[in-house]
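Heads up: the structure comes next, in structure tokens.
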Amino acid sequence: MAPKGGCFQSHIAPYWRSLVLVVLPLLLLPLPVVSATSAARCGYVILIMAAYWMTEALPLAITALIPVFAFPLLGILSTGECCLVYMKETNMMFLGGLTVAIAVEHCNLHKRIALFVILHVGQSPRRLMAGFMLTTMFLSMWISNTASTAMMVPIVDAILVELYATRSKKQEENATAIDMSVTSGQNQLELSPAGENGVSDGHNKKERAEAGGGGGTTTEVVTTKSTSLTATPPDEECRALRDMCFLATAYAANIGGTGSLTGTGPNLVVKGVLASSFSEPTGLNFATWMAFNVPGMILCVILAWIWLQVLFMGLFRKQSPIQQSTPERTAAVRRLIRQKYKELGPMTHHEATVLTLFIILVLLWLFRAPEFVPGWSAWFKDAFEGVEVDDATPAMLIVTLLFILPARLNFWCFRNPKDPEPPQPSPACMNWQVVHEKIPWGVVLLLGGGFAMAEGANKSGLSAWLGDQLVAFDVMPKEAIVFVVSLMTAMLTEVASNTATASILLPVLKEMALNISVNPLYLMLPAAVCCSYAFMLPVATPPNAIVFSAANMKSADMMKAGFIMNIICVVVITVMINTLGVALFDLQHMPPWANSTINALN
């Protein structure tokens, strides 16, 4: 007799993706049939895409291509109009920024930055965690959070192994001293944990080993087979230290992506939706994004650092699973970090060139249109009769220079006359093979699919209809609305791609804001930032998955720590948008660029 549930497990469960792909469009088919409007047909496509994105029944990038055939066939957008939005200025900016980030990885500059920061922050558990978080946060602002986490995990693991070794050595020394005292026959009653008869048997040695003081058995604990990708902690203290440091790295990677406009996909979705919806400048650019989000990012990282100490180190109690660092540990860790930094050697011409170009790109982005002073893009607008220069232009200029400038000075007057090697052309700082292999082309399509979805919703009238339905939220205080929206987004992004979540929610929030007479930035900015606040589940975001696998962490531990982090970050972004956001973007009033769009819709 088949076990209960056996039929489902054997005949249905393996094919659930196929069932979603086939059954879902059939279930939703009455929507465009009963309501034969363009908005209903667009809603039909968007609901299918949202379900496919959330279940990943299809690869995310392939789902993003559905509008290319669905919108023309359903009479929502022509093929040409739909395809144009897949490579908008925002996508080009993303490609440019990502290529520069790949160049930073290619020359190992990111590892030099990481080791330099950790070396100078300090080597106690608290200081080490702060060093890991600050480094990962900064790198994640510019390179992908996946790459920054993957780069930091081996560094964190090497430092933890050194801490394990110093602790095991200390334990072995203590155990040896105890065994010598027992053998000499002195003070057996005091040294033996046996109690009444004063004899220390094998069982008691096992108890001491499990408590962290068991001599040779400590080595057995260290070499115990484990499914983790990193060294197995020898005791509970080291295990808590490992979980704390790896969670800190994942949190900093997720939070760090919110600091710059190119840090993660949802940030660019905001920019793209605003650019396609309003003809006038909205005041959101690279400089204003950083002015608003960098303070919040730093505050969230500091609160995460404190929260992990409370959870793992008992910040406000005397006893904790992680004890204070000893001088031996500090010295050993410092030697290890200094040795790894020395192995990198002096900064090469390749690294110096990439670092210089990177700094130039950031400055060009910051001062293109900083709002408080005329930016350099205004010169070209005045000189060439209204030609707009956006953020993709400096990004592609720097990318081109990366493919032109040499990685080594071994030619012409820079060549050493005594060099026995025949002259050879120097490779450029970047080559196409590296870019082709490392750029996540699926994310580019995912951004394009989100923009196509927003364009279809706007042209079909679905966005306006949704905005009308959400007018009911006008009875709530604005502060309550933004908190609910932020919390809902943070929970949704735990089970769906952050870029897909932003692509679905942000166009709807834009229309909701317009219909309740609220500045669209007031709802869209917090929602976009909260798309990166995925701390609870291993599948929520790549950094979570990396540290979960590397440390062989328990899901319950990640969820317990992540739930509080979600609440903390949602509260922070709610406070920030109602204080700093109001000051930067004048969110208490409806801006002229939003009013003109409302008139156009009406």
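Tell me which of 426, 466, 397 sits at the most positive position along the dipole axis of the stretch 337-471, charges placed on C-beta atoms (Lys, Arg +1; Asp, Glu -1).
426
What residue among 355, 369, 339 has its Cα farthest toward the positive end of the dipole of the stretch 322-373, where the charges are +1 on Lys, Arg and -1 on Asp, Glu, each on the Cβ?
The residue sitting farthest along the positive end of the dipole is 339.
Please list 260-273, 85-98 highest first by mean number of surrounding beta-carbon atoms within 10 Å per residue.
Going by the mean number of other Cβ atoms within 10 Å, highest first, we get 260-273, 85-98.
Using a simple spin-label model with points 7 Å from Cα along the Cα→Cβ vector, what separation in nm is obtained for residue 310 and residue 376?
Inter-label distance under the simple model: 4.5 nm.
Suppose R0 equals 22 Å. What FRET efficiency, 1/(1 + (r/R0)^6) with r the Cβ-Cβ distance, do residue 61 and residue 495 give to the nearest 0.05?
Once the sixth-power term is evaluated, E becomes 0.75.
Kindly state, to the nearest 0.05, the FRET efficiency for residue 29 paired with residue 54, given R0 = 30 Å and r defined as their beta-carbon distance.
Using R0 = 30 Å, I get an efficiency of 0.95.
When you count, for each residue, the other Cβ atoms within 10 Å and take the mean per peptide, how do 469-478, 499-508, 283-292 rank with the highest first?
Per-residue mean Cβ counts within 10 Å order the peptides as 499-508, 283-292, 469-478.
Give, in nm to one decimal, the length gained when the segment between residue 582 and residue 331 is fully stretched (0.36 nm per residue of separation minus the Cα-Cα distance).
85.6 nm
For residue 428, what residues show an amide H to amide H distance below 5 Å, using hydrogens built from the backbone and excluding near sequence neighbours?
Hits under the 5 Å cutoff: 407.
Which distance in Å, rounded to a whole number, links the C-alpha centroids of the stretch 442-462 and the stretch 92-110?
26 Å
Name all residues of the stretch 478-494 having a backbone nitrogen under 18 Å from the label point set 7 Å from the Cα of residue 590 along its Cα→Cβ direction, giving them as ranges.
In the stretch 478-494, the label zone of residue 590 (backbone N under 18 Å from the point 7 Å along Cα→Cβ) covers 478-479.
Counting Lys +1, Arg +1, Asp -1, Glu -1, what net charge surrounds residue 116 among other residues with beta carbon under 14 Å of its beta carbon?
+4
Would you kindly state how much longer the chain becomes between residue 436 and residue 474 on full extension, computed as 0.36 nm times their sequence separation minus their alpha carbon distance, in nm to one decimal?
8.9 nm
Please name which of 122, 97, 144 has its Cα lying farthest along the dipole of the stretch 86-157 towards the positive end, using unit charges on Cβ (Lys, Arg +1; Asp, Glu -1) and the Cα centre as origin.
Sorting the options by dipole projection puts first 122.
Evaluate E = 1/(1 + (r/R0)^6) for residue 575 and residue 404, where r is the Cβ-Cβ distance and R0 equals 41 Å; express this FRET efficiency to the nearest 0.05.
0.35
Stretch residue 537-residue 79 to full length: gain in nm at 0.36 nm per residue minus the Cα-Cα span?
Result for the pair: 161.0 nm of gain on full extension.
Computed from the coordinates by the stated procedures, all read-outs in this text should not be read as laboratory data. Treat the numbers as computed from the prediction; the structure is a model and nothing was measured. Quick reminder, even Gly has a Cβ in these numbers, built from the backbone with ideal geometry, and neighbours come from all protein chains shown.
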